[in-house]
Every structure is written in C-alpha cells, then in structure tokens.
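The values are calculated or read from the model by the stated rules, or taken from the named source; none is laboratory data. This one's a predicted model, so the numbers in the text were calculated from it and none came from an experiment. FYI the Cβ positions are ideal-geometry reconstructions off the backbone, even for glycines, and counts take in every protein chain you see.
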Amino acid sequence: MSPSTSIHGMWSTRLAFILAASGSAVGLGNVWRFPYTAGEYGGGAFVLVYLLCVACIGIPIMMAEVMIGRRGRQSPINTMRTLASQEGKTPAWSLLGWMGILCAFLILSFYSVIAGWTLAYMVRAGAGVFTGIDAAASDALFNAFVGNAEALLAWHTIFMVLTVLVVARGVASGLEQAVRWMMPALFVLLLVMVAYAALNGDLGGALRYLFQPDFAELGDKAGAAILSAMGQAFFSLSLGMGAIMIYGSYLKSDASIAQNTIIIAAMDTLVALLAGLAIFPIVFAHGLEPAAGPGLVFKTLPIAFGEMPGGSFFGALFFLLLVFAAWTSSISLLEPIVAYLVENRGFSRVRASVLSGTGAWLLGIACLLSLNAWSEYTLLGKGVLDLFDFLTANILLPLGGILIAVFAGWVLPRRASVDELGMGEGLGYRLWRLLVRYVAPLAVAVVLLNALGVLPAIGQV
Ligand code: TRP
C-alpha cells in the first residue's frame, strides 16, 4: 500500500498543486529560452515540432511522473527504489533519481545566472536606463553587462539566496505562498506586452514567423532542430529529473492527475507562445536578428520599454514578474535534492537547502565566467553555461523521460496506473498507456540516437 502523505508536507488544496507545478513549469524556459531557441531554428517548423512534443511526449510523461511521485511520496531516489522493489525489480531504478539530482545541480547553476540577468534588468528598467534606447545601444548594453563578471556574480548570488530562503521554509509555507499571486500577475503583464507589441511592432511578421512552418528552411539542421524542440519541451515542462515527481508526491490521493497535467501543460505552452508574440513583433519592427541567441529577450524588450509611455514602470514590473517566475521554478529544482538530504542524511530542511544551494551557486560561478573571463574554454564548441544547458535539456532530461515512461508503462502493473490515474480504463487511459509505453520512449530514443549520429537519417547536430 502506498502512503497517503509525505513527511515533507502536502499541498493544502488541489489548486495549490496546479499553482506550484505550473510555477515550476513556467519560468525562464518560456520567456527566455523558448523565443531564442525558436529563433535559432527559424520559427514555425520548430514551433510545430515543439507543440507535437508537448502533446505526444510531454503530457503523457508528466502524468507518469506525477503518478510515480504520488505513489512513492518520497524524494525521487527513494521513490524509485521503493516502487521498483515493490514490483520485485532492481533497486537500480533509483539511478533515475541520482541522474535527476545531477540535472538539478547543472540546471540550477545556469538558471540562477540567467535569473540574475533578470534581476539586473529589473533594476535598470526601473532606473530609466532604457528610455529612448535603440537596437544597437540595447545590444551594446547587454554585451557590456555579460562581460562584467562581478555584476553577474552579485545578481547570481542574490537569486540563489532567494531560492534557498523559500525552500528552507518548506512546502506549504514556502513554496505555496510564493506562487499564489505571481503566476496570474505574470500572465496579465505578458498580455499587456503582447498588446503593445501588436500595436507598435510587426505582428503580421511575427505570426507568420511563428506559425507558418517552413521545413525547407531547416535544411540539414532538421535533426538538431527536432532535438532542441524536444529538449525545450522537457525543460519547459520541468520533466525528466524528478521536480514534477516530488511535487506529485505532495499531491492528495483523490486529485485527478490527467486533468491537472493538461491544465499545467496548456498554461505553460500558452505562456511560451505569448512570450514569442511579445518579442518577435519587436524583433521584426526593429530589424533585429531572431537568431540572436540567449540575449534575445534582454536585447529586444528594453527597446519596447524604452519607447512606450510609462516604460520604466512597465519594464521594472515585467522583469520583476519574470524574476518571480524564475524563482518558482528554481525552488522546484532544489526541492528533490533537499528532500533526499532530509530523508537519507537526517539533515534539517534549512541545512539541506543551504548546502545544496551553495553547491549550485559554486557551479553557477563557472557558468557566469564562461561568458567573459573563461570564454575561450569550450567543449563541443560550447562554454560551460551552454554546455550545461545542452547536456541537461537535450540529453539528460530526455533520457530521464524515457526511464520514467518505461517505468510507468512497463514496470508498474496496469492495475497500479489504473488506480493511481483514476480515470477508468476508457479511451483516455488507453491513449495514455499507448503513448507512455510506445510512442514517447521510442520517439525520444530516435531523436536522441539521431542527434548522436547513430542514425544517419535526419541530419545531425
Ligand atoms: N521549467 C522551468 C522553466 O521553464 C525550469 C525548470 C524548473 C526545470 N524545474 C525544472 C527544467 C526541472 C527542467 C527540470 O523555466
């Protein structure tokens, strides 16, 4: 029999779970990563593959991850070990949890650096730095900023402290309160930005760019584009490393997993598309480059804030909300590590949070130095930050996703998933089982193998 509560606490209501899980999902991945990755691969075709990945791979795996978490009600490492041995399978399944912890450290390290950019831009916007700025000046401002290691370090440190503070306070009082009002506020402000961009930018160009797929444009980059779209889906939905699993472990037993998951994935996707619609009209109206890389959002939005009335206020507010979105995501990255340290090492929550936060902070320093002092050190043509990003989103999270799908579809008996999902055994359940047993693991495996060059078919990374 699986436990009905977790020792770390429980979400007080079903809404709290939706808010927390969508707080985890919605973050820099939507507003910072999605637009520039789409821009790197020419827009429409990428967006279409991304949407397919969310629907056919992301949603079924998210259901599986929440389900496993709720059944185990422990940190991902212990949940996987317990559930596997209940089925008479090898405890080595706990390796999935360990891989998740590695991912958590790697992601959190660069995530905190980028969240630091957001903090800095909030202050700059508020101080009126962007007033009247043109594309060239915005570009120069950004480049000067990422060249300044001390500034990056200061903001990275502040953000990591914020993350540790919330996680140290615990699930109900820390995590839950944080997401309650930030999510709706971010949503409203994004709508304001989209409206502004539509009225003042090139909306038609942006719509064509994002929603008119042109596969010919991908050319020999198709394999890399598909890998990146899939990686983006895992990253944006917080899948494949145990964050959603641990959040599922705090979910009450009677909540509908399918319904909640679909709501979360829909919100996450909507926010990403809205971010695209806020940014690309400005990109095209100002003749900017969609493939500007990780700086895209930070180079484009200041131009809009600089020319709109009340831009200092709206700019500061926008970046503030983005900080909050990043914050509610970063806490979900730290939570699986902290839960493990509390369960297996007997640490207090506070000690576990400080210790793991410090670890990620140290790794983050390597990430931020890769943008300036260490910029000539590269592996596979990538600096530390890019490498961590690529390794996690495009390789480790999809691998974790395969394992989660296989575990939920093949290791857990049918009865267990029928009971846990509580949606009967009708069409919905059968579709989920088909996706999680065959479609998701095979599709992810093919994309990964292709990217590694094992399959010569679609063109390599
Ligand atoms: N999904 C978040 C975003 O889009 C980032 C994130 C939080 C994450 N938790 C995660 C990514 C777990 C991968 C795995 O910004």
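Let's see how each residue does on (1) at pLDDT 95 or above; (2) within 16 Å of the ligand (Cβ to nearest atom); (3) in contact with an Asp or Glu (Cβ under 7 Å, 6 or more places away or on another chain):
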{"position": "Val113", "(1), (2), (3)": "yes, yes, no"}
{"position": "Thr131", "(1), (2), (3)": "yes, no, no"}
{"position": "Val146", "(1), (2), (3)": "yes, no, no"}
{"position": "Ala151", "(1), (2), (3)": "yes, no, no"}
{"position": "Trp155", "(1), (2), (3)": "yes, no, no"}
{"position": "Phe159", "(1), (2), (3)": "yes, yes, no"}
{"position": "Leu165", "(1), (2), (3)": "no, no, no"}
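Here is a list: Leu153, Leu96, Leu108, Leu119. Which entry is touching a residue at least 12 places away in the same chain (Cβ under 8 Å), surrounded by fewer than 20 Cβ atoms within 10 Å (Cβ to Cβ) and closer than 24 Å to Thr392 by Cβ?
Matching residue, one of Leu153, Leu96, Leu108, Leu119: Leu153.
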Scan segment 363-382 and give yes if some residue there is away from the ligand (no atom under 16 Å from the Cβ), farther than 30 Å from Asn143 by Cα, surrounded by fewer than 24 Cβ atoms within 10 Å (Cβ to Cβ) and at pLDDT 95 or above, otherwise no. no
Matching helices (runs of 4 or more DSSP H) fully within segment 204-313 where at least 1 residues are of a type in the set (Ser, Thr, Tyr): 222-236, 243-249, 257-285, 296-307
Do we find that Leu227 is away from the ligand (no atom under 13 Å from the Cβ) and within 27 Å of Gly401 (Cα to Cα) in this structure? yes
Single residue of segment 295-319 satisfying the filter (under 28 Å from Leu19 (Cα atoms) and either surrounded by fewer than 21 Cβ atoms within 10 Å (Cβ to Cβ) or among the polar types (S, T, N, Q) (or both)) that is farthest from the ligand (Cβ to nearest atom): Phe313
Kindly indicate the residue of segment 206-217 that is over 12 Å from Val49 (Cα atoms) and aliphatic (A, V, I, L, M) and also modelled with the lowest pLDDT among those meeting that condition. Ala216
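Just need a number here: residues in segment 444-461 that are aliphatic (A, V, I, L, M), at pLDDT 65 or above and either more than 26 Å from the chain's Cα centre (by Cα) or not in a helix (DSSP H, G or I) (or both).
Count: 3.
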Log entry, pairs with first residue in segment 22-39 being at pLDDT 95 or above, second being more than 6 Å from the ligand (Cβ to nearest atom) and outside any helix (DSSP H, G or I), beta carbons closer than 7 Å, six or more apart or on different chains, reads Ala25/Leu237; Tyr36/Ala292; Gly39/Pro290; Gly39/Ala291; Gly39/Ala292
Residue hits (segment 239-284; closer than 26 Å to Thr392 by Cβ and either in contact with a His (Cβ under 9 Å, 6 or more places away or on another chain) or of a type outside the set (A, V, I, L, M, F, W, C) (or both)) are Gly240, Gly242, Ile246, Tyr247, Gly248, Ser249, Tyr250, Asn260, Thr261, Asp268, Thr269, Gly276
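Collect the residues in segment 198-227 that are aromatic (Phe, Trp, Tyr) and either over 24 Å from the mean Cα position of the chain (by Cα) or surrounded by 20 or more Cβ atoms within 10 Å (Cβ to Cβ) (or both), keeping them in residue-number order.
Matches in segment 198-227: Tyr209, Phe215.
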